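Everything below concerns the one structure shown next.
The values are calculated or read from the model by the stated rules, or taken from the named source; none is laboratory data. From a predicted model like this one, the values you see are computed outputs, not experimental measurements. Cβ sites come from the backbone with ideal geometry, for glycine too, and all protein chains shown count toward neighbours. Heads up: the accessible areas ignore ligands, DNA and RNA and are worked out on the full protein's heavy atoms, side chains in. Shrake-Rupley method; radii C 1.70, N 1.55, O 1.52, S 1.80 Å.
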Amino acid sequence: SVQEFMTFTSQLIVERSALGSRASVKEQEYLCHVYVRSDGLAGVLIADTEYPPRVCFTLLDKVLDEFSRQVSKMDWPSGSPATVGYAALDGYLSTYQ
């Protein structure tokens, strides 16, 4: 399924990325933009090839900054959408769509 593809690809890209790095990786017809902060918090944005990478990294930076302020660092490794409440993501996705 699409969800499985996104989850698997995101985990693989984050695992292969160094702390403090940003990268764009082509996977099938998509570009996967990853940002791994120096504190280990990471985000992946999957977009088509026409969406500007600079905008992707701006969005990732904003989301990760806000997430790190709202969610305890202790919850980062084991958290999931079911256990960590972060409602601001929907607003960002709507704005940047």
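Scanning segment 6-42 for residues that are under 22 Å from Met74 (Cβ atoms), of a type outside the set (Asp, Glu) and open to solvent by 50 Å² or more (accessible area, probe 1.4 Å), which turns out modelled with the lowest pLDDT?
First, pick out the residues of segment 6-42 that are under 22 Å from Met74 (Cβ atoms): 10-11, 14-15, 19-20, 35-42.
Retained after the next criterion (residues that are of a type outside the set (Asp, Glu)): 10-11, 14, 19-20, 35-38, 40-42.
Next cut, open to solvent by 50 Å² or more (accessible area, probe 1.4 Å) only: 11, 19-20, 38.
Numbers: Gln11: 93, Leu19: 97, Gly20: 96, Ser38: 96.
By that ranking, first place goes to Gln11.
Might you check whether a residue that is exposed (fewer than 15 other Cβ atoms within 10 Å of the Cβ), at pLDDT 90 or above and under 23 Å from Ala23 (Cα atoms) occurs anywhere in segment 71-88?
no
Can you spot a residue in segment 43-59 that is surrounded by fewer than 16 Cβ atoms within 10 Å (Cβ to Cβ) and on the phi > 0 side of the Ramachandran plot?
So far as segment 43-59 goes, no, none of its residues is surrounded by fewer than 16 Cβ atoms within 10 Å (Cβ to Cβ) and on the phi > 0 side of the Ramachandran plot.
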